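All remarks here apply to the structure that follows.
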């Protein structure tokens with residue numbers, strides 16, 4: 001397909017596609033002349049991935065390039081590649097005391113990277129609650145831990161076997177599922193509140 005058809009298929013302007021090509025986010029098409037190239041379904045898939053990373057994920061072009069590099073060259077160690085892909089989707093976190101966060105994940109029995117940005121992200125969230133003098137009841141924390149563990153297990157159970165597809169699945173699943181999880185939690189609380197405080201039906 002020519003770039004105009006690629007634009008129509010992906011729903012992305014031709015000028016934007018050319019920008020992605022210049023930035024190395026989209027591999028070049030097969031040259032058919034000095035000024036023309038042919039594109040395929042892999043280009044459509046890549047454009048949708050790039051759009052998700054730049055849009056809902058709000059990653060910078062440089063960060064998107066890092067994520068794509070991991071997806072394109074996963075290497076033999078899938079565990080390390082998954083960690084690198086996940087790290088690349090997170091903003092840099094200022095140095096923060098992670099001791100409370102680490103104690104929480106150890107209590108959960110999780111094996112995590114103690115130097116990873118995810119632990120720092122959890123530490124920031126716990127510090128924010130502490131700064132607001134908001135005590136999260138232990139039972140609520142346990143419920144969050146148990147729910148997160150079940151979601152993670154379900155997501156990994158459906159992960160494709162092909163490393164590149166698995167990394168794409170992991171990256172998009174992380175980015176797109178986080179707002180989904182937040183919305184589902186709010187709706188579940190709305191329903192629980194109706195059951196507890198609402199009028200009898």
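Of the residues 135, 155, 45, the one that moves most in a GNM of the chain with alpha-carbon contacts below 10 Å is 135. Taking Cα atoms only, the orientation of helix 138-157 departs from the longest principal axis of the chain by about 30 degrees. Taking 86, 190, 121 as the candidate residues, the one with maximal mean-square fluctuation in a Gaussian network model of the chain, Cα springs under 10 Å, is 190. For segment 55-197, relative contact order (Cα pairs under 8 Å, six or more residues apart, normalised by length) works out to 30 percent.
Helix 14-23 axis versus longest C-alpha principal axis of the chain: approximately 80°, rounded to the nearest ten. Angle between the Cα long axis of helix 99-108 and the longest principal axis of the chain, 0 to 90 degrees, nearest 10? So the helix axis and the longest Cα principal axis differ by about 90 degrees. With R₀ fixed at 30 Å, the C-beta to C-beta distance from residue 22 to residue 176 puts the FRET efficiency at about 0.70. Computed log10 I(q)/I(0) for segment 129-201 at 0.13, 0.14, 0.28 Å⁻¹: -0.60, -0.67, -1.23, from the Debye equation with unit scatterers placed on every C-alpha and solvent omitted. Work out, in µm²/s and without decimals, the Stokes-Einstein translational diffusion coefficient of the chain at 10 °C, 1.306 mPa s, Rh from Kirkwood over C-alpha pairs. Answer, rounded: 80 µm²/s. From helices alone, the chain scores -22000 deg cm²/dmol at 222 nm; the rule is -39500 (n - 2.57) for each run of n ≥ 4 DSSP H residues, then divide by the residue total. With a Förster radius of 25 Å applied to the C-beta separation of residue 144 and residue 60, the computed FRET efficiency comes to 0.25. Between 185, 69, 48, the Gaussian network model of the chain with springs among Cα atoms under 10 angstrom shows the greatest mean-square fluctuation at 185.
What is the Rg over Rh value, at two decimals, for segment 72-120, using alpha-carbon atoms and the Kirkwood definition of Rh? Each step should come with its number before you reach the end.
On the way: Rg = 12.4 Å, Rh = 12.1 Å.
Taking Rg over the Kirkwood Rh, I get 1.03.
Read the figures in this text as sums done on the coordinates, not as results from a lab. Everything quoted here is computed from the prediction, not taken from an experiment. Here the Cβ is made from the backbone with ideal geometry for all residues, glycine too, and neighbour counts use every protein chain on show.
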